[in-house]
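Notes follow once the structure below has been shown.
The values are calculated or read from the model by the stated rules, or taken from the named source; none is laboratory data. Just so we're clear, the structure is a prediction, and the values are computed from it rather than from any experiment. Virtual Cβ from ideal backbone geometry, glycine too; neighbours counted across all protein chains shown. We work out accessible area using only protein heavy atoms, side chains counted, and drop any ligands, DNA or RNA first. Shrake-Rupley method; radii C 1.70, N 1.55, O 1.52, S 1.80 Å.
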Amino acid sequence: REMFERPKQGFSLPLSRWLRGELRWLIGEYLDRRKLAKEGLFNVDFVDQLVQEHLSEKRDREAVLWALIFWEMWRERWGV
């Protein structure tokens, strides 16, 4: 009864860890330096810096990397 009648609770995903582990392939596929340079939309050196900071655990760049990955997925899907 206490499970169903308690207030809603949020939860977070371990996305930061996943991007360093199981989902690291997304960084390699969608934030590849050559691919981004060819598109010409982002500062490739800056994106590389964000990736390296995250992978080395120097800083948590989960939010911006996730946004960039999904932008690239969306752009690829819709041919923009």
Can you confirm whether L19 is touching a helix residue (DSSP H, G or I) at 6+ places or on another chain (Cβ under 9 Å) and of a type outside the set (D, E)? yes
Single unsatisfied condition, A67 versus (1) surrounded by 14 or more Cβ atoms within 10 Å (Cβ to Cβ); (2) free of Cβ contacts under 8 Å to residues at least 40 places away in the same chain; (3) small (G, A, S): (1)
Would you mention how many residues in the stretch 36-57 are over 16 Å from the mean Cα position of the chain (by Cα) and in a helix (DSSP H, G or I)? 4
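Take the residues in the stretch 1-23 that are hydrophobic (A, V, I, L, M, F, W, C) and in a helix (DSSP H, G or I), then tell me which one is least open to solvent (accessible area, probe 1.4 Å).
Ranking the candidates gives L19 first.
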